[in-house]
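Below you'll find the structure, written out as structure tokens, and then a few comments.
The values are calculated or read from the model by the stated rules, or taken from the named source; none is laboratory data. Remember, predicted model here, so these are calculated numbers, not experimental data. Note: ideal-geometry Cβ built from the backbone for every residue, glycine included; neighbour counts use all protein chains shown. Ligands, DNA and RNA are excluded from the accessible area calculation, which covers all protein heavy atoms including side chains. Shrake-Rupley method; radii C 1.70, N 1.55, O 1.52, S 1.80 Å.
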Amino acid sequence: MCGIVAYHGLKNAIPIVLSGLERLEYRGYDSAGIAYIIDDNLGIIKEAGKVNVLKKSIPENLKSNLAIGHTRWATHGVPSNENAHPHLSMNKNLAIIHNGIIENYSSIKEGLEKRGYTFNSDTDTEVLINLIDDVQKNENTNLFKAVQLALSQIIGAYAIAILDASNPEKLVVAKKGSPLLIGVGKDEYFIASDAAPFIQYTKDVIYLNDNEIAEISSKNLEIRTITNELKTPYIQKLNIELDAIEKGEYETFMLKEIYEQPK
Ligand code: GLU
């Protein structure tokens, strides 16, 4: 089980995403990476190993209002730099992070290879982002519609977040079988596998349901199903504090639980 974090808003997304990844470290992982948009350009930094290793590769002055971050638990391909997320589409226009497994990735990969796609990693995730790119081109449509159409071909589990260099204001996220929450702030949105990365900023949260896709700009959120049914976002208040979901001074969550039990 790996972790996903994303931020879209007026603050600098880079430190928010990096500290969010650290708060998800307890879930276990083998590599980490981020993608971000700066001046309509898509950037990617990823490393095998711990978030600490990734942090050393990130320039201190890196600033972006839109970034996605990932900790990977390898299922398709060894833990390595190439297999770490985010993954780019072949034309380097789209970047994806993914938690889960695309079960029918090999037949989709074969089809894409026949249409000229090449791959830099062994992951099922790189297949998914190129499928989305292929659909976007063939149907001559926007990213949201392409994600809807591509996901209707997918068998498996996913929580995904996608950046699009040609539409740098938008972040598209979707979920089936893997957790994905949207934290709602004032003119800002947080995405994460659980609430730990954003609870210090907002307690207003939307739990995305399976087969739902959200398009997020800094001031707007639209949720639709894969079959394009419009959903009204249901915002819930989290009744939990940051220290309740962090290990704090304890080495493991089990120790924390034991010490916090009433005598
Ligand atoms: N299946 C993807 C991979 O192997 C994602 C694994 C994960 O959930 O971290 O890269």
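When the Kirkwood radius is taken over all Cα pairs of region 1-120, what Stokes-Einstein diffusion coefficient follows at 25 °C and 0.890 mPa s, in µm²/s?
Answer from the Stokes-Einstein relation: 165 µm²/s.
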Portion, in percent, of the accessible area of the chain that falls on carbon or sulfur, probe 1.4 Å: 48 percent
LYS231-ILE101 FRET efficiency (beta carbon distance; Förster radius 30 Å; 0.05 resolution): 0.75
Rounded to the nearest 20 debye, dipole of region 108-231 from Cβ charges on Lys, Arg, Asp, Glu: 200 debye
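About its Cα centre, what dipole magnitude does the chain give when the only charges are +1 on Lys and Arg Cβ and -1 on Asp and Glu Cβ, stated in debye to the nearest 20? Write down the numbers at each step before the final one.
Working: 27 positive and 35 negative charges, 42 e Å.
Magnitude of the dipole: close to 200 debye.
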Inter-probe distance in nm under a simple model that places probes 7 Å from Cα toward Cβ, at ASN138 and THR75: 2.4 nm
Kirkwood Rh in Å, taken over all unlike Cα pairs in the chain: 18.5 Å
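Determine by what factor the alpha-carbon radius of gyration of region 48-195 differs from 2.2 N^0.38 Å, reporting the quotient.
Taking the Cα Rg and dividing by 2.2 N^0.38 Å, one obtains 1.03.
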Over region 1-50: Rg over Rh, Cα atoms, Kirkwood Rh: 0.98
Using a Förster distance of 25 Å, the FRET efficiency for SER57-ASP187 (Cβ separation, nearest 0.05): 0.25
Among the listed pairs LYS63/LYS109; LYS11/LYS50; LYS50/LYS92; LYS46/LYS237, those beyond 28 Å (Cα-Cα): LYS63/LYS109; LYS46/LYS237
Accessible surface, per residue, of the chain when the full set of protein chains is kept, probe 1.4 Å, Å²: 47 Å²
ILE155-ASN209 FRET efficiency (beta carbon distance; Förster radius 22 Å; 0.05 resolution): 0.75
